[in-house]
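Input: a single structure, listed below in structure tokens.
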């Protein structure tokens, strides 16, 4: 019997083979980058998250920096940005559901739903959580879907809440107060549970979606943020940005099974900024983004509780999000590959923020960085050894 090959994943590998050309890049701070894989330029700075379309062809990227905020739509078969959707405000939250994309509108306190058709995103409708900042301070962050029950869950970082939304009626149907700022959330269909990272609380909350109750929590290290869940729903991986670590949690007994040190050295001080996690398609390998180390840490997690480090993969400048598609790894680099001249037109003023009037002819420093999307082939042992020994 022939193995089933995902055509999109196969095309992605062809694109990767044709464009990979690692070269050393000198940064203004004196550091050097030798990023693995190939690089696709984005249109603005600080891309924080990405969502992959169900067919694996498109990646939606949310740009959340001081420049022009919005969504870039990338066609992975060509390695091109096919559309840029400007937004007044955007921050972190993205989720695909078939041909629909849900996007966090940041301090506008909304979630926008787009429809993907003919390689374009078209706005369809909006869920309003409250009045825009500063009238109400809500700021939706991470979001996730329970598609079987037409539910969208949204966590916030200003009023520390969990919102439950009905995606048929496109409206809020419930709000649960949390005890600290939330960062992201992920739904476990196997257990009908929602896991919420308490960005300001050193723990993960567990919310029973059938009972509509917070039922438990598991302590983590400082600043838990991104989450990844095994396909069988048994293992939850949580990046801890202020601790260089990843918490490995058993969802069955709601206990911490182990804590992985993702730093470059065993006794390294806090500062790696471990901010994203992703599992390989077979759930045996964990990729961990270390933003301030400009790398991915790679772990064998085939036996959770007894995981082992396999090495590191060099990335672009300040990796912020990691995902996998087939045998390829996708990495967002918040600052791209280098900085550019600040002598460019200033980004348009976003409503709701008070800024001092610029002097005539003044330029913006906000667009000195432009993010990138790296596409990296799944590394074998020899590749990891080569990365470890490169200059």
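The values are calculated or read from the model by the stated rules, or taken from the named source; none is laboratory data. Nothing here was measured: the structure is a model prediction, and the numbers come from that model. A quick note on method: Cβ atoms are made from the backbone with ideal geometry, for glycine too, and the neighbour counts reach across all protein chains shown.
Residues being touching a strand residue (DSSP E or B) at 6+ places or on another chain (Cβ under 8 Å) and surrounded by fewer than 18 Cβ atoms within 10 Å (Cβ to Cβ) are represented in the range 183-195 by at least one member. Just one of (1) under 16 Å from the mean Cα position of the chain (by Cα); (2) crowded, with 18+ Cβ neighbours inside 10 Å fails for residue 307. It is (1).
Which members of the range 281-301 meet the condition of being surrounded by fewer than 17 Cβ atoms within 10 Å (Cβ to Cβ) and within 14 Å of residue 323 (Cβ to Cβ)? Correct list: 281 only.
The condition of being free of Cβ contacts under 8 Å to residues at least 40 places away in the same chain, out of contact with any helix residue (DSSP H, G or I) (no Cβ under 9 Å at 6 or more places or on another chain) and within 18 Å of residue 62 (Cβ to Cβ) holds for only one of 156, 144, that being 156.
I'd like to know if the range 355-371 contains one or more residues that are buried (at least 16 other Cβ atoms within 10 Å of the Cβ), farther than 23 Å from residue 291 by Cα, more than 25 Å from the chain's Cα centre (by Cα) and modelled with pLDDT under 95. Among the residues of the range 355-371, at least one is buried (at least 16 other Cβ atoms within 10 Å of the Cβ), farther than 23 Å from residue 291 by Cα, more than 25 Å from the chain's Cα centre (by Cα) and modelled with pLDDT under 95, which makes the answer yes. Of everything in the range 317-326 that is modelled with pLDDT of 95 or more and closer than 16 Å to residue 278 by Cβ, the residue that is nearest to the chain's Cα centre (by Cα) is 321.
Exactly one residue among 276, 272 is modelled with pLDDT of 95 or more, buried (at least 21 other Cβ atoms within 10 Å of the Cβ) and touching a helix residue (DSSP H, G or I) at 6+ places or on another chain (Cβ under 7 Å), and that residue is 272. Regarding the range 257-267, can at least one residue be identified that is buried (at least 17 other Cβ atoms within 10 Å of the Cβ), touching a strand residue (DSSP E or B) at 6+ places or on another chain (Cβ under 7 Å) and within 25 Å of residue 104 (Cβ to Cβ)? Within the range 257-267, none of the residues are buried (at least 17 other Cβ atoms within 10 Å of the Cβ), touching a strand residue (DSSP E or B) at 6+ places or on another chain (Cβ under 7 Å) and within 25 Å of residue 104 (Cβ to Cβ). Considering only residues that are crowded, with 19+ Cβ neighbours inside 10 Å, within 24 Å of residue 150 (Cα to Cα) and touching a residue at least 40 places away in the same chain (Cβ under 8 Å), which ones fall in the range 72-104? Once the filter is applied, which keeps residues that are crowded, with 19+ Cβ neighbours inside 10 Å, within 24 Å of residue 150 (Cα to Cα) and touching a residue at least 40 places away in the same chain (Cβ under 8 Å), the range 72-104 yields 91, 92, 93, 94, 95, 96, 101, 102, 103, 104.
Within the range 105-122, the set of residues being in contact with a strand residue (DSSP E or B) (Cβ under 8 Å, 6 or more places away or on another chain) and touching a residue at least 24 places away in the same chain (Cβ under 8 Å) comprises 105, 106, 109, 110, 111, 112, 113, 114, 116, 119, 120, 121.
One line per residue, one yes/no per condition, for (1) over 19 Å from the mean Cα position of the chain (by Cα); (2) at pLDDT 95 or above; (3) surrounded by fewer than 20 Cβ atoms within 10 Å (Cβ to Cβ); (4) at negative phi:
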| position | (1), (2), (3), (4) |
| --- | --- |
| 17 | yes, no, yes, yes |
| 23 | yes, no, yes, yes |
| 26 | yes, no, yes, yes |
| 45 | no, no, no, yes |
| 51 | no, yes, no, yes |
| 64 | no, yes, no, yes |
| 67 | no, no, no, yes |
